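Colleague: One structure coming up, written as structure tokens, with questions to follow.
The values are calculated or read from the model by the stated rules, or taken from the named source; none is laboratory data. None of the values given here were measured: they were computed from a predicted structure. Positions of Cβ are generated from backbone atoms using ideal geometry, with glycine treated the same way; all protein chains shown enter the neighbour counts. The protein model used for the area step is the full one, side chains on, heavy atoms only, and it has no ligands, DNA or RNA in it. Shrake-Rupley method; radii C 1.70, N 1.55, O 1.52, S 1.80 Å.
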Amino acid sequence: MTSYGSYRTVRLAPQRGSISKALAKDSPLRRMDWIMILAALALSFGSSLLVWSATRGRDALTHGDPQYFLYRHLTNALVGVVLCAVTVGIGTRRLRTAVPFVYLGVLLMLVVTLTPLGSTINGQHSWIQFGGGFSLQPAEFAKLSIVMGMAVVLSARVDAGEREFPSSRSVVQALVLSAVPMGVIMLMPDLGSVMVMGVVIMGVLLASGAARRWVFGLIAAGAGGAVLIWKLGVLSKYQIDRFAAFANPSLDPAGVGYNTAQARIAIGSGGLTGMGLFHGFQTTGQFVPEQQTDFVFSVAGEELGFVGGIALIGLLGVILWRACKIARQATDLYGTVLAAGIITWFAFQAFENIGMNLGIMPVAGIPLPFVSYGGSSMFAVWIGIGLLQSVRSQRPIGV
């Protein structure tokens, strides 16, 4: 006679296939942080409506197709998700081994932008055009390569059990590694990306446990470097004017301060719940330049109001919260530093972008992660999500 227990075993055995494996406690899918992924998906695909609202009436940009940017933004988001999945599939260990090749590949792309193969958009010679309307901005991927490269260098001896904290030699090597792409990017010049990278470097050093004197030294060097750059005339006139307009918003509201002034009007007119999607006066009237990229937050503020803007910030906060959890639970210093670098990157870039829409930060041409239109930015941040998921997959089961 077959007992209930043996009967149950016989009945379940044929069902243990791919679905059961996927739902097993130690499966890759169960190890993913789905709260973070869902928040990133909501931002990436939900923001397509903001991009569409900002561009559907701009025939010069859309070539007569009101859905042009809508479809391209959705495509960029979909490609980003695929890149995230590929990154997770490769795994942390193989990615760590491939870091030198990633770094050299990105550095090569940066150098190419300075050749005749590169192109200038909005005063920055920082793009590579491939034809068919497809272009690439290598500086976005340089953020990734710096985070990954510094994580490898700073954690190598610590994870090997040779030291408790990174040595001064490791810190110097990591700083040199990050300085090379930053120097190339300054030649474009792309001050916004350099700002993000500078903050990321400090975040990485703090997370690695390196001596605090390095962080204080970097702050002092950054201040001195900013003065030197100003004195040597490295910055272009429009970049200098942007900082002047930030320091004195009433200096040239119809000129260099126009973008921020119009963005603030748009956000202020949104009130609590907004004017409704596709009904914002500033947006439909095309008063805010670059509204699908740098100033996309002004669309949310005007058409979705304070509630919509807070919801957008809240989703970004969810991603950062889950990323902080991943950093705390990482099984080695490499994972902790890698996660901390991505957290710093996402957090500062979001703060700078939203801040320049509100007029509390200088305009620096930095996209809002997961929201602004742009393939390079979307691809890079989704690869960042993939790296975070890879770090999380290394944690002990049940944590």
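Colleague: In terms of modelled amide H atoms, which long-range or inter-chain residues lie less than 5 Å from the amide H of Gly274?
Modeller: Gly305, Phe306
Colleague: Sticking with this structure for a sec: Output ³J(HN,Hα) for the range 104-112: one whole-Hz value per residue in order, computed from phi by the Karplus curve 6.51 cos²θ - 1.76 cosθ + 1.60 with θ = phi - 60°, and x for Gly and Pro.
Modeller: Those phi angles translate into 5, x, 5, 4, 4, 5, 4, 5, 4 Hz.
Colleague: Now a separate question. Using the Karplus equation 6.51 cos²θ - 1.76 cosθ + 1.60 (θ = phi - 60°), what ³J(HN,Hα) coupling, rounded to whole Hz, does each residue of the range 197-208 give in order, writing x for Gly and Pro?
Modeller: 5, x, 5, 4, 4, 5, x, 5, 5, 4, 5, 6
Colleague: On to the next question. Rounded to a whole number of µm²/s, how large is the Stokes-Einstein D of the range 69-144 at 37 °C and 0.692 mPa s, given Rh as the Kirkwood radius over C-alpha pairs?
Modeller: 232 µm²/s
Colleague: Rounded to the nearest 10 Å², what accessible area does Trp321 show when all protein chains are kept and the probe is 1.4 Å?
Modeller: Looks like 130 Å² after rounding.
Colleague: Based on the alpha-carbon gyration tensor of the range 262-328 and its eigenvalue square roots a ≥ b ≥ c, which shape applies: rounded if a/c is under 1.5, prolate if not and a/b is larger than b/c, or oblate?
Modeller: prolate
Colleague: Right, something else. For the peptides 138-148, 57-67, 154-164, what is the packing order when you average, over each peptide's residues, the other Cβ atoms within 10 Å and list the highest mean first?
Modeller: 138-148, 154-164, 57-67
Colleague: Accessible area of Cys84, 1.4 Å probe, to the nearest 10 Å²?
Modeller: Taking all protein chains as shown, Cys84 has close to 10 Å².
Colleague: So for Ile219, Ile185, Ile267, what's the accessible-area order with a 1.4 Å probe, most first?
Modeller: Ile219, Ile267, Ile185
Colleague: Which whole-Hz couplings ³J(HN,Hα) result when phi for each residue of the range 160-171 is put into the Karplus expression 6.51 cos²θ - 1.76 cosθ + 1.60, θ = phi - 60°, listed in order with x for Gly and Pro?
Modeller: In residue order, the calculated couplings are 7, x, 7, 9, 8, 9, x, 7, 4, 5, 5, 5 Hz.
Colleague: Still on this structure: Sorting Tyr258, Tyr103 by accessible area (1.4 Å probe), largest first, what list results?
Modeller: Ranked from most to least accessible, the order is Tyr258, Tyr103.
Colleague: Something else now. For Met361, Met36, what's the largest-to-smallest order of accessible area, 1.4 Å probe?
Modeller: Highest to lowest solvent-accessible surface, that is Met361, Met36.
Colleague: Looking at the range 324-399 from every direction and averaging, what is the projected area of its Cα convex hull in nm²?
Modeller: 5.6 nm²
Colleague: Separation of the range 356-382 and the range 59-129 by C-alpha centroid, Å?
Modeller: One Cα centre to the other: 14 Å.
Colleague: Another question, if that's okay. Arrange the peptides 368-381, 106-119 so that the one whose residues have, on average, the most other Cβ atoms within 10 Å appears first.
Modeller: In decreasing order of mean packing, 368-381, 106-119 become 368-381, 106-119.
Colleague: Using mean Cβ contacts within 10 Å as the protection proxy, how do 334-340, 268-274 order, highest first?
Modeller: Averaged packing, sorted descending, gives the order 334-340, 268-274.
Colleague: Can you find, among Leu117, Leu74, Leu104, the residue sitting farthest towards the positive end of the charge dipole of the range 54-138, where Lys and Arg contribute +1 and Asp and Glu -1 at Cβ?
Modeller: Leu104
Colleague: Here is a follow-up. Can you give the accessible area per residue of the range 274-399, in Å², using a 1.4 Å probe?
Modeller: 30 Å²
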